[in-house]
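See structure below.
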Amino acid sequence: MPFYWTLATILGLAALGFFLGRHRAVASVGGERRKLHSLRKYYGINVAMKTLTPALGLLVVWLIAQPVIVEWRVSDLVAGTDVADTRVQTLVMVDVRRVANGLDTAVAAGVLSEADAASLTADSGTIRDTLGDAGVALGSDVSAPVLAAAQRYRTLSARADLTRTVAVLAVALLGLGWSLRETDGDFRARNVVEQGVRGLLIGAACIAILTTLGIVLSLVFNTIEFFRIYPASEFFFSTTWSPSFGGGSQLGILPLLWGTMYISLIALAVAVPIGLLAAIYLSEYASKRVRSVAKPALEILAGIPTIVYGLFALLTVGPMLMKVFGDGGLGWMQAGTAVMTAGLVMGIMLIPFVSSLSDDIINAVPQAMRDGSYGLGATQSETIRHVIIPAALPGIVGAILLAASRAIGETMIVVLGAGAAARISGNPFEAMTTVTAKIVSQLTGDADFSSPEALVAFALGMTLFVLTLGLNVLALYIVRRFREQYE
Amino acid sequence: MTDATAAAALAPKKSIITVDDRTQKRNAAEKRFRAYGIAAIAAGMVFLVVLLGSILLNGVTAFQQTFIQVPVYLDPAKVDKEGNRDPEEMAKVSTFGYKPLLIEAMAELVTERGIETEIAPGDMDALFSSSAVAQLRDRVLANPDLVGETVSFNILAASRVDGYLKDRVSRDSVARDKNIDAGHLDIVDALRAEGDVVKRFNWDFILGSDASESRPEQAGMGVAMLGSFFMMLVVLGLSLPIGVAASIYLEEFAPQNRLTDVIEVNISNLAAVPSIVFGILGLAVFIQFMEFPQSAPLVGGLVLTLMTLPTIIISTRAALKSVPPSIRDAALGVGASKMQSVFHHVLPLAMPGILTGTIIGLAQALGETAPLLLIGMVGYIATNYPDGISSGFLDPNSAMPAQIYEWAKRADPAYYERAWGGIIILLVFLFAMNAIAILLRRKFERRW
């Protein structure tokens, strides 16, 4: 628990700093508050801020950096043995960490004393049993270098933990002392505090950039890693997808892309006509009362989580389609999970998405255009078909593109409703699979992250990210162009 | 003059009272078009009704469970061999020691009710859940004085028996079932007539923990609900302050420059990134790189925070934008600093809008499944309540949608019922959150 104590201590120091700073400011002007430059609370906040922020920042950075550095220092201990390439090394490091954690648990449970844990040797061959007593299960017996590395890992971690606590507290105290020293009646505390707050606001805004950066980096690094062990041309142009964790997998993305496109196409074929016509009716024909009921009701569909749609596809729509198209009916369908099942359900999910976006866009068409058309004697439907739709077309295309990007990125419906077989076929009643479904199946389970079968998921994720991002950027560009046209 | 009359004579005589063909066609087209619109909305409504209907129809039964009321003679010779009623001594008798007691009690109940059956007394264990034995043992260990007496117990019936009462299991399907015979169902019918087998509301489904694949009758949502709760705490605690801070900066302070543009484009793009990509981010950054524990609500919460941030930022900015500039000007006019005008005046006025947006963002995060799949919150069987706050954040747990997914994947159809039931629980939370958001908006919304 030293981490929580460190945190509590710096929070306590900050609180103390608040009162000290406030008091010192008032004292420096002999109790006459009117002589202070700022309200007295700002002096307190200034001290608290300068105590807390650097210490917290250091703590966070340290927490992130510590395991990386400790592992790097430990790695040369195992590097000299049987470890040639980095792939195996990560596996060994996982082992080392597991043993180190096991020793920690054993010490905490009282099975081992601290000294015993440090002096254990692999020759005695009892480590697995000892750890087993403490409730830590190890897969295989521990080799000597791994044990040594684990022990080194523990000592280094312990030392780093101690240093961290000391460093963080020192920084907090330093901040406290320094900010208290600068506190006196003439100090422009409010301006300084406001500068600080502004910095925090900017920092919060930058988290969006950090997130994007995190996504891109985690995708790019792992994708590069993947292409290093698996040829890129095979990945992009092979039509076979048959991963086997034993090795010798064929990981072609084409069947997955085909499944994704096919399902999205069916989904759009359901969602676009229904959503568009509903939007037209709601914005052009419906009375206020109908609108106030129908619009929120349609939007309920958008608020339902995708897992619900997934289950709906698997347990309701699939069996229903089987009755019509299955062996008892037309005989086109082999199982309830198929492209059609997933596509239909995804279409239902997208209806409110298309309808509310198109609704906005149709409403943005200026009334003058409608009035002009009515003035020429057109009926309402002629106005809609010949004036409003053409005028709103770019926006509607944008909305459809956004819906398409939604469909491509949708996961739960296809995981539950589309089946798992990767194939390229024209029959919509056959099971196919998608990029997202395969990301899930390749990354869940106990695969190690260095095998091509797991890393391929990052390449798939990269493809997905690029595809959806492209569609979005295009759609937003079109929509924005359209808006400008009428503003 | 003559020309004009000639032209008039050439034109067909038309009355404006009778409608001509062309107008008729156009009016018909108008009607058709309107009908398409109504049909589209009707289709949407039908989908909604079918969806909600099938959820309710399939899920409501999950809240009821079949129990068997059976008097059990707690034989001291089997439960407490030493005879000193010492709970520690008695704990040595495992559930294996208790099973015969229940089987005997069942057989006795059957003969007592005068039910003719060809089922051997030893096969009576198909009637009750295997968890019933553990229930019995716990009761006895908690209260050793019961030993030697005949105590009436309310035990969970086996999932097949439960399914039979709920029409999920039929006599036809039982013929191919190794777990239970038609004879058992006869006993169930007879006991039901006597009132020994009853269907009751099952609190354990709402409060209990997940169970192994072979005993769906015992599985519940409780622990997964706590997992979701801790995740939502993380999401609320991080995304509200960060989202509000970011929006305040972008809306009130940001200069028109490159950085601001980049941030804005970023936010609108992040809002459209598929949720599974956030799962990949969580896996690579939080679990691979930072080595956070897998399946922990803390990591799930962090990933969902990043996912909901854009939603919250967008709605917060709209709320800030709707506060009229006159408020800011007035505050600045009486000598407030820019920061004070924002934090003392604009922010409180925008608060209802911000909270509404936050609740809707949270509701979205609560139902999200895909990213949780990747950080390992699926596949983990949530069996233990976390003890304490820090273990609530760090111990492996499941989450409501992940638990539903897990159940949907299991082979036993009894779990499908649980999955639908779980969806009802999840939707109740979502509707409640949305209702609060709507109420907030109605109550505090101000038009300037």
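I need every pair where a residue in region B:84-103 that is under 28 Å from residue B:123 (Cβ atoms) has its Cβ under 7 Å from the Cβ of a residue that is surrounded by 11 or more Cβ atoms within 10 Å (Cβ to Cβ) and aromatic (Phe, Trp, Tyr), sequence separation at least 6 or different chains.
Partner pairs satisfying both residue conditions: B:102/B:128.
If you check residue A:185 against the conditions, is it modelled with pLDDT of 90 or more and not charged (D, E, K, R)? Spell out the reasoning first.
Details: modelled with pLDDT of 90 or more: no; not charged (D, E, K, R): yes.
Considered against the rule, which asks whether it is modelled with pLDDT of 90 or more and not charged (D, E, K, R), residue A:185 comes out as no.
When you check residue A:335 against the structure, is it within 10 Å of another protein chain (Cβ to nearest Cβ) and either under 22 Å from residue B:407 (Cβ atoms) or not β-branched (Val, Ile, Thr) (or both), yes or no?
no
Might you check whether a residue that is assigned to a helix (DSSP H, G or I), among the aliphatic types (A, V, I, L, M) and assigned by TED's automatic domain parsing to the domain that holds residue B:355 occurs anywhere in region B:251-258?
In the first step, residues of region B:251-258 are kept if they are assigned to a helix (DSSP H, G or I); the result is B:251-253, B:258.
Add one more test, that the residue is among the aliphatic types (A, V, I, L, M), and what stays is none.
The answer is no, given that none of the residues of region B:251-258 is assigned to a helix (DSSP H, G or I), among the aliphatic types (A, V, I, L, M) and assigned by TED's automatic domain parsing to the domain that holds residue B:355.
Among the listed residues B:268, B:295, identify the single one that is under 27 Å from residue B:362 (Cα atoms) and within 8 Å of another protein chain (Cβ to nearest Cβ).
One residue alone meets the criteria, B:268.
Could you count how many residues in region A:324-342 are more than 19 Å from residue B:52 (Cα to Cα), small (Gly, Ala, Ser) and surrounded by 23 or more Cβ atoms within 10 Å (Cβ to Cβ)?
Going through region A:324-342 one residue at a time, the tally reaches 1.
Starting from residues that are touching a Phe, Trp or Tyr at 6+ places or on another chain (Cβ under 8 Å) and either more than 7 Å from every other protein chain (Cβ to nearest Cβ) or part of a loop (DSSP other than H, G, I, E, B) (or both), keep the ones in region B:275-292 and report whichever is farthest from residue A:407 (Cα to Cα).
Among them, the one singled out is B:292.
Yes/no per residue for (1) more than 12 Å from chain A (Cβ to nearest Cβ); (2) under 30 Å from residue B:284 (Cα atoms); (3) surrounded by 22 or more Cβ atoms within 10 Å (Cβ to Cβ):
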| site | (1), (2), (3) |
| --- | --- |
| B:348 | yes, no, no |
| B:365 | no, yes, yes |
| B:389 | no, yes, no |
| B:434 | no, no, no |
| B:446 | yes, no, no |
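Is it the case that region A:317-328 has a residue that's outside any helix (DSSP H, G or I) and of a type in the set (Gly, Ala, Ser)?
Start the filter on region A:317-328 by keeping residues that are outside any helix (DSSP H, G or I), which leaves A:326-328.
Checking which are of a type in the set (Gly, Ala, Ser) leaves us with A:326, A:328.
Yes: region A:317-328 contains one or more residues that are outside any helix (DSSP H, G or I) and of a type in the set (Gly, Ala, Ser).
I'd like to know if region B:256-264 contains one or more residues that are within 9 Å of another protein chain (Cβ to nearest Cβ) and in contact (Cβ under 8 Å) with a residue 24 or more places away in the chain.
No, because not a single residue in region B:256-264 is within 9 Å of another protein chain (Cβ to nearest Cβ) and in contact (Cβ under 8 Å) with a residue 24 or more places away in the chain.
Checking residue A:187 against (1) away from chain B (no Cβ under 14 Å); (2) in a helix (DSSP H, G or I); (3) within 20 Å of residue A:36 (Cα to Cα), only one condition comes out false. Which one?
Result: residue A:187 passes all but (2).
Given the structure, is residue B:237 within 22 Å of the chain's Cα centre (by Cα), buried (at least 23 other Cβ atoms within 10 Å of the Cβ), of a type outside the set (Ser, Thr, Tyr) and more than 9 Å from chain A (Cβ to nearest Cβ)? Explain how you work it out, then say what you get.
On the way: within 22 Å of the chain's Cα centre (by Cα): yes; buried (at least 23 other Cβ atoms within 10 Å of the Cβ): no; of a type outside the set (Ser, Thr, Tyr): yes; more than 9 Å from chain A (Cβ to nearest Cβ): yes.
Spelling it out, it is not the case that residue B:237 is within 22 Å of the chain's Cα centre (by Cα), buried (at least 23 other Cβ atoms within 10 Å of the Cβ), of a type outside the set (Ser, Thr, Tyr) and more than 9 Å from chain A (Cβ to nearest Cβ).
Please go through (1) within 12 Å of chain B (Cβ to nearest Cβ); (2) aromatic (Phe, Trp, Tyr); (3) closer than 30 Å to residue A:478 by Cα for residue A:374 and return the number of the only condition it doesn't satisfy.
It fails just one condition, (1).
Tell me, yes or no, whether region B:135-150 has at least one residue that is free of Cβ contacts under 8 Å to residues at least 60 places away in the same chain and of a type in the set (S, T, N, Q).
yes
Hey, can you tell me all the residues within region B:102-127 that are touching a helix residue (DSSP H, G or I) at 6+ places or on another chain (Cβ under 8 Å), of a type in the set (D, E, K, R) and loosely packed, with under 11 Cβ neighbours inside 10 Å?
Scanning region B:102-127 gives a single hit, B:118.
With the requirement that a residue be small (Gly, Ala, Ser) and either surrounded by fewer than 16 Cβ atoms within 10 Å (Cβ to Cβ) or under 28 Å from residue B:298 (Cβ atoms) (or both), what does region B:240-266 give you? Outline the logic, then answer.
The initial filter retains those residues of region B:240-266 that are small (Gly, Ala, Ser), namely B:243, B:245-247, B:254.
Hits for region B:240-266 are B:243, B:245, B:246, B:247.
Go over the candidates B:86, B:80 one by one and state the one that is farther than 30 Å from residue B:199 by Cα, in the same structural domain as residue B:195 (by TED's automatic domain parsing) and exposed (fewer than 13 other Cβ atoms within 10 Å of the Cβ).
Criteria check complete, one pass: B:86.
Listed here are the residues, each with its yes/no results for (1) of a type in the set (A, V, I, L, M, F, W, C); (2) modelled with pLDDT under 80.
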| site | (1), (2) |
| --- | --- |
| B:92 | no, yes |
| B:95 | no, yes |
| B:101 | yes, no |
| B:117 | no, yes |
| B:124 | yes, yes |
| B:131 | no, no |
| B:164 | no, no |
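Could you check region A:232-265 and list, in sequence order, the residues that are surrounded by 21 or more Cβ atoms within 10 Å (Cβ to Cβ) and of a type in the set (A, V, I, L, M, F, W, C)?
Selection gives A:235, A:241, A:251, A:253, A:256, A:263.
So in region A:462-487, with the set limited to residues that are under 25 Å from residue A:217 (Cβ atoms) and more than 18 Å from the chain's Cα centre (by Cα), which one is modelled with the lowest pLDDT? Explain how you work it out, then say what you get.
From region A:462-487, those under 25 Å from residue A:217 (Cβ atoms) are A:462-474, A:476; that's our starting set.
From what's left, more than 18 Å from the chain's Cα centre (by Cα): A:470-471, A:473-474, A:476.
Working: A:470: 91, A:471: 91, A:473: 87, A:474: 89, A:476: 81.
Within region A:462-487, the match that is modelled with the lowest pLDDT is A:476.
Please go through region B:397-410 and pick out each residue that is touching a residue at least 24 places away in the same chain (Cβ under 8 Å) and surrounded by fewer than 20 Cβ atoms within 10 Å (Cβ to Cβ).
The answer is B:410, and nothing else.
Within region A:213-229, identify whether any single residue is under 24 Å from residue B:336 (Cβ atoms), aliphatic (A, V, I, L, M), in a helix (DSSP H, G or I) and without any contact (Cβ under 8 Å) to a residue 12 or more places away in the chain, and answer yes or no.
There is no residue in region A:213-229 that is under 24 Å from residue B:336 (Cβ atoms), aliphatic (A, V, I, L, M), in a helix (DSSP H, G or I) and without any contact (Cβ under 8 Å) to a residue 12 or more places away in the chain.
Considering only region A:446-461, state which residues are more than 18 Å from residue B:286 (Cα to Cα) and at pLDDT 85 or above.
Those that are more than 18 Å from residue B:286 (Cα to Cα) and at pLDDT 85 or above: A:456, A:459, A:460.
The values are calculated or read from the model by the stated rules, or taken from the named source; none is laboratory data. Everything numeric here is computed off the predicted structure, so don't read it as measured data. Glycine gets a Cβ as well: all are built from the backbone with ideal geometry, and neighbour counts include every protein chain shown.
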